[in-house]
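Asks: One structure follows; several queries about it will come next.
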Amino acid sequence: MATTILAVDDSASIRQMVSFTLKGAGYEVVEAVDGVDALDKARNHDLALILTDINMPRMDGLALVKSLRVMPRYKTAPILMLTTESSDVMKARGRAAGATGWLVKPFNPRQLVQVIHKVIGR
Amino acid sequence: MLLLCAALAVMAAGGIQIRSIGFAGGLTAPMVSAIIGIALAGGLVASSLTISKFTRKTAMVVQDVETSQDNRLDTADCDETVFCNPLLDDYFAGIRDELTQVDRLAVDAVSELVASFKHISNLTRSQQDISLAIAAVAAPAEPIGQLLERQKMVAEQIEQELDAAVTALQFGDLIAQLLNHTMVRVDAIGTALRRIDLLDAGQNDGEHLCKPWQFHQGVTKAVMLANTASRARPVVERGMQTGAIELF
């Protein structure tokens, strides 16, 4: 059974590219358009990793991480932030919220797959 | 005067309403994306020009009114292409800087896309040549092992080029965010100027204060309000190089 990853981004093009990249690497990908949608998908899937943007409508990425960390199933699951934000302040906020890592856009597909392999422990 | 500024700000905002243009082709039709990218880059250049024209035009209007209505302001200190309010100059310089950044990102991404797709095209042709050679294996010109090795190398190169294309294609998202931010800034200054203009008229029985120092004060207040309303720039990338990765 393929490992499932949740890709959360309000930009359809980014979701498309993340999905294309990860499916090419053999992962199953579930997409969500914002934090609220992501929480809903997280409840209904057994996710090995969550890859999320920060600036999104309804619920942002940091709030999503905090909400996921409260759920027993995702207490220790790897959560990577994929964002254009690169300031140390924002990274510190991500870390405090419970994120596992920080990737600044634009991402390189090969590097993205390598990082995911690493944190999933493949 | 303030209403005029606000109206011009709205006009400028209208000039950059291309943020909703995305690339619908995505990865299923990469060449379509490249074409849209080129069109988008052209649009952005036009938008930048619109904004800079707007700024110059507004500056000239401001100076005209000031010199004709009140000579207390030393207009000799004013550059022909800038406002006489440093805060306002910085504000619009910020907008110009963002649009220049957008322009650079778009041009950079489009160049990379074109180069990547050219490489992919060449590599595909090369693959076809190899396949033809394999098909003619009954009388091979070079040993089959070497052909397979070459094919493996070409496949690897195709993958690298596709990776580069996927990285570059993310420019659409960066541009959308930057334009959105610029729009918020332009809207904020317009709203702030309108609010101050209304207050100004209200305090003076419907008469607008036209004295330069009062106008200067009003504009300063407007820029401060607008800066409070808009959040920090969401995109800092100046080119389409891959972003940093950090594991906590």
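Asks: For peptide B:91-100, how many partner chain Cβ atoms fall within 10 Å of a residue's Cβ, on average? Don't skip to the end; give the middle numbers.
Replies: Numbers: counts 0, 0, 0, 0, 0, 0, 0, 0, 0, 0.
Mean partner-chain Cβ count within 10 Å for B:91-100: 0.
Asks: What part of the accessible area of segment A:35-109, given as a whole %, is carbon or sulfur when the probe is 1.4 angstrom?
Replies: Carbon and sulfur: 52 percent of the exposed surface of segment A:35-109.
Asks: Spin-label point model (7 Å from Cα, Cβ direction): what's the residue B:93 to residue B:187 distance in nm?
Replies: Result: 2.7 nm between the two label points.
Asks: Please report the buried accessible area for the interface of A with B, total over both chains, probe 1.4 Å, in Å² to the nearest 100.
Replies: Separately minus together, A and B give about 2700 Å² buried.
Asks: Return the FRET efficiency for the residue pair residue B:246, residue B:115: r is the Cβ-Cβ distance, R0 is 25 Å, and the value is rounded to the nearest 0.05.
Replies: 0.30
Asks: A further question follows. Give B:118/B:152; A:23/A:75; A:41/A:118; A:105/B:118 a once-over and call out the pairs whose C-alpha atoms are over 22 Å from each other. Can you show the working numbers first?
Replies: Details: B:118/B:152 19 Å; A:23/A:75 25 Å; A:41/A:118 24 Å; A:105/B:118 24 Å.
Table pairs above 22 Å Cα-Cα are A:23/A:75; A:41/A:118; A:105/B:118.
Asks: Taking beta carbons within 10 Å but only from partner chains, what does the mean come to for residues A:108-121?
Replies: 3
Asks: For a quick protection proxy, order the peptides B:124-137, A:57-70 by their average other-Cβ count within 10 Å, most packed first.
Replies: Numbers: B:124-137: 12.6, A:57-70: 18.4.
Answer by packing, highest mean first, reads A:57-70, B:124-137.
The values are calculated or read from the model by the stated rules, or taken from the named source; none is laboratory data. These figures come from a predicted structure and were not determined experimentally. Reconstructed Cβ throughout: ideal geometry from the backbone, glycine too, with neighbour counts over all protein chains shown. With ligands, DNA and RNA removed, areas are computed over all heavy atoms of the protein, side chains included. Shrake-Rupley method; radii C 1.70, N 1.55, O 1.52, S 1.80 Å.
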